[in-house]
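The values are calculated or read from the model by the stated rules, or taken from the named source; none is laboratory data. This is a predicted model, so every value here is computed, not measured. Every residue, glycine as well, gets a Cβ built from its backbone with ideal geometry; the counts of neighbours run over all protein chains shown.
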Amino acid sequence: MPLHVPPAPAPALRSVLTALRSPTAVHQPRTPDAVRNARRTLRPEFSLPIHEMAQVGRAGDGAPTRLTGWRFLLRDTDAPDDSASVGAAEAILTADGWAFAHFTEGPYVTSTERALQQAESLPAAYQPRLLSVPEMYMLTLWLHADTDADAGQGTPDPSDLLIPLAPAPPGIAAHQPHRVDGLLSLLTRRVMSPPLLKTPV
């Protein structure tokens, strides 16, 4: 079913559009070449709120997530309609409001697009978000069942779906949809388990 994509805050989108027009922002050392070379024809095409779960071990206690920013996938308007995004731009909330953070590229951009395509083929409707799990160096596409929810608030419901993006942690299959309760229980056991002790030689 079609995804119910939440609208990004207008100031966050404006900060990204301003950055795309700014030679200073585009020529920062971290800016991908694809973004630097095509900035005049790039447009933010898809926006996703980024939430962070700081403590996996408390997931069973309903540990809240916090909104850390919005990620905008960037499409080259001169490229074919079926071409992949050339990168992404992120905006973060500061004391003065929404501000452009940086441009990025890499496997998570491609993996996000693939996961979104997977989500659109599912029988239920979802609100797509990104969920970062720093303890596991993991990023997932979070499919929230409440499509009318405030995209900047909330905790993953047990019946929501998480699709780990590639590269995923060892032992976690990328692009395999999981119910939140199942995947977070697995991650919690990993975090809480003590490391194996080596037998003295």
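If you go through segment 79-94 and keep only what is without any contact (Cβ under 8 Å) to a residue 12 or more places away in the chain and under 13 Å from Thr68 (Cα atoms), you end up with just Thr94.
Beta carbons closer than 7 Å, at least 6 apart along the sequence or on distinct chains, pair a first residue in segment 148-162 that is closer than 12 Å to Gln127 by Cβ with a second that is hydrophobic (A, V, I, L, M, F, W, C) and part of a loop (DSSP other than H, G, I, E, B) for Asp157/Ala145; Asp160/Ala145.
Once segment 97-154 is narrowed to residues that are among the hydroxyl-bearing types (Ser, Thr, Tyr), surrounded by fewer than 16 Cβ atoms within 10 Å (Cβ to Cβ) and under 15 Å from the mean Cα position of the chain (by Cα), the residue that is farthest from Thr24 (Cα to Cα) is Tyr137. Residues that are within 28 Å of Arg179 (Cα to Cα), acidic (Asp, Glu) and out of contact with any Gly (no Cβ under 6 Å at 6 or more places or on another chain): does segment 80-102 have at least one? The answer is no; no qualifying residue exists. Filtering segment 140-155 to residues that are closer than 16 Å to Leu116 by Cβ and among the β-branched types (Val, Ile, Thr) leaves Thr140, Thr147.
Inside segment 1-55, residues that are of a type outside the set (Asp, Glu), modelled with pLDDT of 80 or more and closer than 25 Å to Leu122 by Cβ make up a count of 15. For segment 10-31, a residue qualifies if it is surrounded by fewer than 18 Cβ atoms within 10 Å (Cβ to Cβ) and either among the small types (Gly, Ala, Ser) or in a loop (DSSP other than H, G, I, E, B) (or both), and the qualifying residues are Ala10, Arg21, Ser22, His27, Gln28, Pro29, Arg30.
When Leu131 is tested against (1) touching a helix residue (DSSP H, G or I) at 6+ places or on another chain (Cβ under 6 Å); (2) modelled with pLDDT of 95 or more, exactly one condition is not met: (1).
I want to confirm something. Restricting to segment 73-124 and keeping residues that are of a type outside the set (A, V, I, L, M) and touching a His at 6+ places or on another chain (Cβ under 7 Å), which single residue is farthest from His4 (Cα to Cα)? Selected residue: Glu90. Ala88 satisfies every condition listed in (1) assigned to a helix (DSSP H, G or I); (2) closer than 30 Å to Thr24 by Cα except (1).
Within segment 25-44, does at least one residue satisfy the condition of being of a type outside the set (Lys, Arg) and under 17 Å from the mean Cα position of the chain (by Cα)? Talk me through it step by step, then tell me what you get.
Initially, segment 25-44 is screened for residues of a type outside the set (Lys, Arg), giving 25-29, 31-35, 37-38, 41-42, 44.
Now restrict to residues that are under 17 Å from the mean Cα position of the chain (by Cα): 44.
Yes: one or more hits.
Only one of the listed residues (Gly60, Gly69, Gly87) is under 20 Å from Met138 (Cα atoms) and at pLDDT below 90. That residue is Gly60.
Any residue that is hydrophobic (A, V, I, L, M, F, W, C) and within 19 Å of Trp142 (Cα to Cα) - is there at least one of those in segment 7-29?
yes
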